[in-house]
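First the structure, in the form of structure tokens, and then the observations on it.
The values are calculated or read from the model by the stated rules, or taken from the named source; none is laboratory data. Keep in mind it's a predicted model, so treat the numbers as computed, not measured. Every residue, glycine as well, gets a Cβ built from its backbone with ideal geometry; the counts of neighbours run over all protein chains shown.
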Amino acid sequence: MTETTSYARAQQQLRDRIRGTWAQQPLYIDEIIRSGLTENQITAIRQASQETEDTGLTHFLAIIPGLRVRGYGDWAKFTSEFAFDMHEASGQKQTLVLFSEGETSARSFAYLVTDNGPVVPTGAPELMKSSSDDFIPVELAVPYYLQVLVAAAKGTEPPQAPDFDTRDVGDRNEDYIERFGLDNSDPDTLVFGATTVAALGAALWLLRRRNRYSWRTELTTKPELVASRNLKKAVAEAAAPIPEPVRPDDETWALYDRGRRIQDALAALTAAHPDWAESADFAHRNGVFVLVTLDRWVRRQLRRRSGRAEDEPRFCFLFPHHRKVVEDHVLKQSGRSLTVGLCADCREQLAAGHDPERLMVPKRPGSTRAVPYFHRDDAYALSGFGSFQPLDEAVLDEMSPQRSAAGRKR
Ligand SMILES: [Zn+2]
């Protein structure tokens, strides 16, 4: 028997067991793990199920063993299709379905299902982790997810995420993005997503979800930018002298100085990374793209004889080539927040409970392990492509030989 068929058979058997119980009652706890759960855990699960029933909403809850033979995508398909079937069987307008692993950690799949299909009320609820990077234990995860689903179904305020930080606060060693929880589940997004998600058929939804999340493990390879945005020519053009202002007031001279700094930053970046156009690290070409866009903006302003000044171009924090209506967006978790520029598409995706695609780069030079660019500690991460400080400033601080010699104060 191949691994695939034995896995499929195990899944089918699990499905049959759950389905048999759900025909009688909403709570299924797999026999394989029941003996491993404490009294407290079972009580918490039962209570949460009862409280959900008391709201008048229809729910199904399965505490299942982890089947780790295959990847996460398969679980998403299995649980979301199962959830949709249960919704059809329930005949209700809304059906809440929650699968939680009951072993060492409660990896969970939570669905609010309507006739339009199952909706996951967050970017990555199946991997809900605490701020200390532990998985939430089952006795906290189950009540929390059920409350999230109830709030989403009723359009009411979501519950606070469980506070499960076991770590000494004074002993943190994270970068600022992790500290602000950008890469953790965002409880604000959780419920916002569930209540606002657009109507999609289940099959279409699954397809989109699989496509959408493949970027998580892969280095960014597109958009390629060098040819499509003619970046080499733009770099050459940016080396031409910055035009002296037509209107020689202080403000315009300040812009002129900024133009010189952008020019220096572009020179520093391309000298520090002469392979920027071919590198597997797409942060460099995104950096060049941002700097030449700023360079062109400065030149346009300096040549302008009349008319309104153009606002400085902004770039999406998650993927700088996104340019559609970039606005400030507050990313929040557990009372902490981080303001970044986000494009309209990424804001919409967050609102729909999805994880927008990010610029994925090698963890360190030469590495094939992909991480979001802001998990590193370089000029791009420090700038957020303009969200935290202008990219030209960050690049000059990090890459220019003169500035580096003057001493970095970090
Ligand atoms: Zn974006």
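Brief remarks follow.
- Contact annotation: no residue pair with Cβ atoms under 8 Å, 6 or more positions apart or on different chains, pairs a residue in segment 293-312 that is not assigned by TED's automatic domain parsing to the domain that holds Arg258 with a partner that is modelled with pLDDT of 90 or more.
- Scanning segment 261-312 for residues that are in contact with a Pro (Cβ under 8 Å, 6 or more places away or on another chain) and more than 20 Å from Gly386 (Cα to Cα) yields Ala280, Leu302, Arg303.
- Test: Ala344 is in contact (Cβ under 8 Å) with a residue 12 or more places away in the chain, of a type in the set (A, V, I, L, M, F, W, C) and touching a Gly at 6+ places or on another chain (Cβ under 7 Å): no
The rows are residues; the columns are (1) at pLDDT below 90; (2) closer than 30 Å to Arg216 by Cα; (3) within 16 Å of the ligand (Cβ to nearest atom).
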| residue | (1), (2), (3) |
| --- | --- |
| Arg247 | yes, no, no |
| Leu255 | no, no, no |
| Trp276 | no, yes, no |
| Ser279 | no, yes, no |
| Phe282 | no, yes, yes |
| Arg285 | no, yes, no |
| Leu291 | no, yes, no |
| Arg308 | yes, no, no |
